[in-house]
1. In region A:97-126, whose amide N lies under 19 Å from the spot 7 Å out along Cα-to-Cβ of A:I91? List them in ranges.
2. Taking each pair of distinct Cα atoms in region A:1-115 once, what is the resulting Kirkwood hydrodynamic radius in Å?
3. Using Cα positions and a limit of under 24 Å, work out the lysines in reach of B:K57, with same-chain residues fewer than 8 apart set aside.
4. Let's test the formula: R0 of 45 Å, r as the Cβ-Cβ distance of A:E199 and B:A50. What FRET efficiency results, to the nearest 0.05?
5. State the Cα centre-to-centre distance between region B:44-100 and region A:81-154 in whole Å.
6. In region A:119-206, carbon and sulfur make up what percent of the accessible area (probe 1.4 Å)?
7. Tell me, how many Å apart are the Cα centres for region A:31-80 and for region A:178-228?
8. Need one value for A:28-39: mean number of C-beta atoms belonging to other chains within 10 Å of its residues' C-beta atoms.
Amino acid sequence: MRLVSKDLLGIEKLTREEIELILETAQKLHEIHSRDIKKVPTLRGKTVVNLFFEGSTRTRTSFEIAAKRLSADTINFSASSSSLSKSETLIDTARSIGAMLPDVIVVRHNQAGTPEMLSRMVKSSVVNAGDGAHEHPSQALLDLLTVKEKKGRFEGLKVAIVGDIAASRVARSNIYGFTKMGAEVRVAGPPTMLPPHIEQLGCKAYTNVREAVVDADVIMMLRIQMERHSKLLFPSIREYSRLYCLTPEILDLAKENAVIMHPGPINRDVEISSEIADGPYSVILEQVTNGVAVRMAILYLLAGQRSN
Amino acid sequence: MSEQSSDPAGNGGRVILDGPAIERAIRRIAHEIVERSESLGELVLLAIPAGGVPLGKRLQAYIREVSGVEVPLGKLDITLYRDDVATAGASSNMSASHMPFDITDKRVILVDDVLFTGRTTRAALDAVVDFGRPRSIQLAVLVDRGHRELPIKVDFVGKNVPTARRDDVRVEFSQDGGNEFVLVREGEGDPCAS
């Protein structure tokens, strides 16, 4: 079985079988991290370009490590040092990069749809590493992998996603991912951070975090994305934190052994208390480790596609 | 030959090893390994999935029967070391390697069901050295069907089988004492498969 598309643009377009293929491949690749020599030759001679028009630490590093562990050559490109600062348009930049014939382009941009536009313009495989508030598929896949490892299943799990839902591409990709795999997804946040009609994606929406967390197997806390909001969405950080911060008291409402996740970067004691972020139920660092395995699987499956 | 043994899979082909013959061949390989090893304490078996894994388990059991020594058995997946990823594409038949021991200074025996072009063995040699530097590497296979494309030789072999390049050789190991056989089917095989 192979991935159908040459690109990975979002979870919305993946089938359940494709998601399972990526997760199973990632689980098998995991073993490479425990070796002394953490490198296999399978993508030797392939080129991966990291095209980041928006800041990133975790995702860019993770894609780069993943590519290097598979022996691909990696090139990093960030907006600040590029021709975009010489007023070249995005389309011209994309055409130039495409003309250098890389095998995979990993792209992040603050405008939703950029990876899709790029995928129509180049022959390379395009991987969406986050586009605006649209999707962040590799993050959702690593979240799915982490839950699969911890819970062993998706069917019937209750997943609560709490915070800045409107601005969060992580939330959107995870809503698609977890509902496709058979889990029940609830989202919660202040009314100003809940997009209208979010229920149409197949989740339930709450403004009270306590209701969303009751009996949850998985709790995913999100950062408030100040940089994506132009207007004031709540009176103060302190008030937000008082109402929505994940504290031991709120965690008590969830199932025993609930898994606590956060895509990072975390704002301690705003959306999650330090006690919980560093506590025994937190899998935040395991998410990061799984991120490398999932991205290796994505690169292997895309760059390894038979070239016609 | 009974109808069942001439076509156990129901899709044509001739049986070149039946259950008892496979059993004898594996036992003989186990004896040869014990005879030709000065110290079994340095020996490790590395099975190449998928076909090498059941063979490796049986070899380990028979070596224990003959010598009383439990030789460590690991699993070495070679999917990521193949030389045809660029042309044949990614494979979803990958499995994780499992090597719960250090192979440095050990005498490694690679175990696979069928030896054909030698390309799998070449990939396995690359994979082994990523895990450590063994003292020596040898190769044990149930069936050597010829048509080598690389300078690779076998050290322990169950049966040499003359085949045409395009033939398809299939090894079916029994699970829980069921029917097992090695089958050669004419003509339809993928000439690239090793």
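1. A:97-100, A:109-124
2. Numbers: mean 1/r = 0.0631 Å⁻¹.
Answer for region A:1-115: a Kirkwood hydrodynamic radius of 15.9 Å.
3. List returned: A:K28, B:K75, B:K106, B:K153, B:K159.
4. 0.50
5. 37
6. Values: 1390 of 2700 Å².
Summing carbon and sulfur atoms, their accessible area is 52 percent of the total for region A:119-206.
7. Using only Cα atoms to place each centre, the spacing works out to 32 Å.
8. Working: counts 9, 3, 1, 7, 4, 0, 3, 5, 5, 4, 1, 2.
The shielding value for this peptide is 4.
The values are calculated or read from the model by the stated rules, or taken from the named source; none is laboratory data. Predicted, not measured: the structure shown is a model, and the values here were computed from it. Neighbour counts run over all protein chains shown; Cβ positions are idealised from the backbone, glycine included. Heads up: the accessible areas ignore ligands, DNA and RNA and are worked out on the full protein's heavy atoms, side chains in. Shrake-Rupley method; radii C 1.70, N 1.55, O 1.52, S 1.80 Å.
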